[in-house]
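Read-outs throughout are calculated quantities, based only on the coordinates presented, and are distinct from any laboratory measurement. Just so you know, these numbers come straight off a predicted model, no measurement behind them. We place every Cβ from the backbone using ideal geometry, glycine too, and count neighbours over all the protein chains shown.
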Amino acid sequence: VRLDNRRGFVEGAYASSDARGVVKADHLSLPTALGSWSPPEAEPERRPSLARESLAALVVGIDRLRDVADALGPQAAEAVLATTAARLEARRPPGTMLAQLFGDAFALLAPQLGRVAALDLARELYEVASQPIAIADHELSVSVSVGVAFEAAGGIAAQGALRDAAAAQHRAQQRGGGRVELFEPETGESALESLRLEGELRRALASPDGGLTLFFQPVVALDTGIVTAVEALVRWIHPSLGLLLPQRFLPLAERTGLIAPLERWVIGEACRRLASLPEPQRVLVNLSTNALNDTRLVSDIAEHLRAHDLRPDQLAVELSESTLLPAHSAARVTELRSLGVAVLLDDVGSGYAWLTRSERLAVDGLKLSSSIVAKLAVPEVMGLARLIVDAAAKLAIPVTAEGVETAAQLELVRSLGISSAQGLHFLAPVPAATLADVLALSGAVSAARAAVPAVLAAHTPAAGEERAVSLGQAAKLLGISASTLRRWAEDGRVSSVRTSGGHRRFYLSDLSRLNQTSEARLRRPSLPDGPVPGLAALLAADGLEIATAAARSLYDERPGWFARAAALDPLRAFTTELAQAFEHGRYERLGDALRRLMLAATVGSATLAERHLFLERFAAALDSRLIKASRPAREQTAARRTLSALSLTQLADCDAPASAPRVPARRRRAGRLRDGHRETAPS
Ligand code: C2E
Ligand code: CA
Ligand code: CA
C-alpha cells in the first residue's frame, strides 16, 4: 500500500494484505501512521490531535474499472487509476491522509473533520474524480462511488470508520455507482451475517408464519381524495433483528435466487389481502428484474386471481425501467397486459432510458420517482418532471407521484397536472392487519391532506425564499397548542424570529420538518449512573397507564397513533424496558427500546411533532407522579435529569438548523418541568 510517501506516512505501518496482495481495510489503522506524522511547517495549526477528535473516512472507488481493462487493456486501467490518484491528491486537504485501498479504490482519512465538511469534501472528491479522462485518443468518462463514515469521538483507530466507509462505497456501487453514500449501519453486514440471514430467509419463505409480511401504502386520487389502490411493500419481521425493510433483504434474495419464491408469495398474499377488504380496489405489486424471465409468472398470476375471485384489472405490477426495457421483457409484458393485468413503470425520472426508448413504453401508468418529487422546487428538476408528464399525457398514460412528503410538494405535484399520489404526506405504508381500519379512516385523512392547507397555499415560497408564519398558524399546521409551540420556541427546538412588534414568526421549512412522519434521528439521552428504584417501581406498576394517559392527552377529536389500540403493545414493551433499565441501572438497551417505539410510531404515521409531544408529556407525567411519591432527593434529581433528557430525544434532531438559539441546559430543564406540570395537571 502506498501511503503518501512524501509526508512520511509509510514507516512503521500497519497494513496487512491477503494472499493476493489485497490490502484489507480492517487492518489499516491510523494511529501508527499518524503517530509518526509531522505536519509540513506551513500548516502547524492543522495538526490532528487524535485523542479527542472524531475521524472521517472517505472511500472513493472507480466504478467498472474492470470494464475499462477489458475494453482498452490493463494499461488504460492503470492510467485511470493514476489520473484519479493525482486528482484526489490535488484536492486532499492538509492534515489528511490518502491511500490506495483496493485495486480500484482510494481511502482518505481526515481527523478533525465534522460531518458537514466531510460530506462537502466527499462531494468535491466525487466531482473531480468523475471528470472525463483522456487516454490515448479516447475520452473516457468514468463514474465513481464514494462512501463516507465516521469514527465516534474519542476513537483513534481508523479501522471502524474505514471499514464502514468501504461498505458505504460498496453499497453506492451496488446501487448503480456514480454517487456518494453515507454509511448506514446495515451496510456493515459481514459475509457471515449475510449467510445466516440467507438461511433464515429460506426458512421464513418455507413456513407459513415465517415472519414475511406485507405492508400496504394507499394511492390517493388527487381530485377526490379517495384511495384508488394500495401498493404492497414486503417486510420481514425477523426474530431477533425486528422489522426489516426490503433494502435489507431483497438484494440478498436476488443474489441467492430466493427472489422468485418471495415474489410468488407476495403476489399470492397481496391478492389474499385485497380480497379480504370490504371494498377491494386494486393492489400494486413490485416485481424484480428476474420476474419477467419466469415462464410461469403469467399463469401463476392468473391462478392467484382465480383463487381469490379477483378480476385481472384489480392487480397491477410495477416494473423498473431496467426491468421493462430489455427486448426479452416485451413478450411477457404483452402477455400480462392481455390477461388484463396493468403494468406500471416504477421510479420514472431516476434514469433516462425510457425517454430514448419510448417505442417500448407499452405500459398502463407511470410512477414519478420520489427522487424527482423530493426536488421539485429545483427548476431543472421541475422541468424534467414536466417533460415526463407531458410525454405521458401524449401517450394517454396516467401518472402517479410517489414519495410526496409535504404539502408544498403536493402543491407542486398538482401544478403538474398529476392525477394521483402516494407518500408520507397522506399515509405511510401500514401493516396488512390494520389496512381495513386505515382505509375506513383514510377517506377523511387523505381528503383533508389532498387539500393544500390554506396557510401553505397562501405562502408558496419562491425558490430560495424562507417563509415564516405566525405562532397561531404554525401551531395549527402542527396540530399542537400555541402554548406548547411557544415553549418549544423558547427551548430552541423550533427556530423562530421576532417581528419588530415582538411577535414570533416560524419558518415553514422548520415546521414541515416537525410535521414529517419519517424516522427522526435519535440522540442518546444522558443517563444516571446506577439504578433509580423509585422510577422503576412507578413504571412497573403504572407505566402503561401513565403512557396511555399521556397519549390520550395529545389529541382533541380524532385520536392519532399513540392513542390507538395499535400503540398499546409497543407502549407496553417500551415501559417494561424502561422499568427494567431503571431497576437494574442498565441502560444500554434503552436506546433500542425507544427506537422501536418510534419506529412503530413512524409506521403508524405519527408525525414528528406527535412523537415529540408524547415523550414530553410522558416524561412530565412520570416526573409529577414521582414528586408525589416522596423519594430521596438524590434519586429525584437523577430521575428528573433522565426524564428531561428522554423528553428531548426526539427533538434533538441532528439536522436542526444551526441558527436555532441555544438555551443553557439548566434553564431549559427547569422551564420544561414547570410547563410540564401545568400541561398534565387534570383540567
Ligand atoms: P418503491 O417501489 O419505489 O416503493 C416506494 C418506497 O418508498 C417504499 O419503501 C415506501 O415505504 C417508501 N415511501 C413511501 N412513502 C414515502 C415518502 O413519502 N417518502 C419516502 N422517502 N419514501 C416513501 P420500501 O417499502 O422500503 O421499499 C423499497 C423498495 O423495495 C421499493 O421501492 C421496491 O422497489 C422494493 N420492494 C418493496 N416490496 C417489494 C416486493 O414485494 N417485491 C419486489 N420485487 N420489490 C419490492
Ligand atoms: Ca413501487
Ligand atoms: Ca419508487
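Each of Val128, Val343 was scored by other Cβ atoms within 10 Å of its Cβ. Arranged with the fewest first, they read Val128, Val343.
Label separation (Leu241 vs Asp309): 3.9 nm, computed from points 7 Å beyond Cα along the C-beta direction.
Look at Ser299, Ser288 and count the other Cβ atoms within 10 Å of each Cβ; fewest to most, that gives Ser299, Ser288. Cβ crowding within 10 Å ranks Leu368, Leu568 as Leu568, Leu368, fewest other Cβ atoms first.
Taking 4 °C and 1.567 mPa s as conditions, region 554-612 diffuses translationally at an estimated 107 µm²/s according to Stokes-Einstein applied to its Kirkwood radius (Cα pairs). For region 262-345, which trypsin sites (Lys or Arg not before Pro) are in a loop by DSSP, counting at most 10 other Cβ atoms within 10 Å? Answer in residue order: Arg296.
Where both residues lie in region 186-343, what percent of DSSP beta bridges are antiparallel, nearest 5? The antiparallel fraction comes to roughly 55 percent. Karplus-derived 3J(HN,Hα) values for region 243-251, using 6.51 cos²θ - 1.76 cosθ + 1.60 with θ = phi - 60°, are 6, 10, 7, x, 4, 7, 10, 5, x Hz; glycine and proline are entered as x. For region 111-118, 3J(HN,Hα) computed residue by residue from phi via the Karplus equation (6.51, -1.76, 1.60; θ = phi - 60°) reads x, 6, 10, x, 4, 5, 4, 5 Hz, glycine and proline entered as x.
Summarising the amide proton neighbourhood of Ile226: residues at separation of 5 or more, or on other chains, whose placed amide H is nearer than 5 Å comprise Ala221. Between the amide H of His238 and those of Leu243, Leu244, distances stay under 5 Å, these residues lying 5 or more places away or on another chain, with hydrogens modeled in the peptide plane. Taking 0.36 nm per residue of sequence separation and removing the Cα-Cα distance, the Ser624/Ala540 pair yields an extension gain of 28.6 nm. Sorted on the mean count of surrounding Cβ atoms within 10 Å across their residues, most packed first, peptides 255-263, 239-247, 168-176 read 168-176, 255-263, 239-247. Leu262 sits among other residues whose Cβ lies under 11 Å from its own Cβ, and their net charge, with Lys and Arg +1 and Asp and Glu -1, is -1. Our coupling estimate for region 559-574, obtained by passing each phi through the Karplus curve with A = 6.51, B = -1.76, C = 1.60 and θ = phi - 60°, is x, x, 3, 4, 9, 9, 4, 4, 7, 4, 5, x, 5, 5, 4, 5 Hz, Gly and Pro reported as x.
For Gln131 and Asp300, the FRET efficiency from 1/(1 + (r/R0)^6), where r spans their Cβ atoms and R0 equals 41 Å, is about 0.25.
The GluC sites (Glu not before Pro) of region 568-647 meeting both criteria, a DSSP state outside H, G, I, E and B (loop) and at most 12 other C-beta atoms within 10 angstrom of the site's C-beta, are Glu588.
Among residues other than Ser276 with Cβ under 12 Å from its Cβ, the summed charge is -1 (Lys and Arg +1, Asp and Glu -1).
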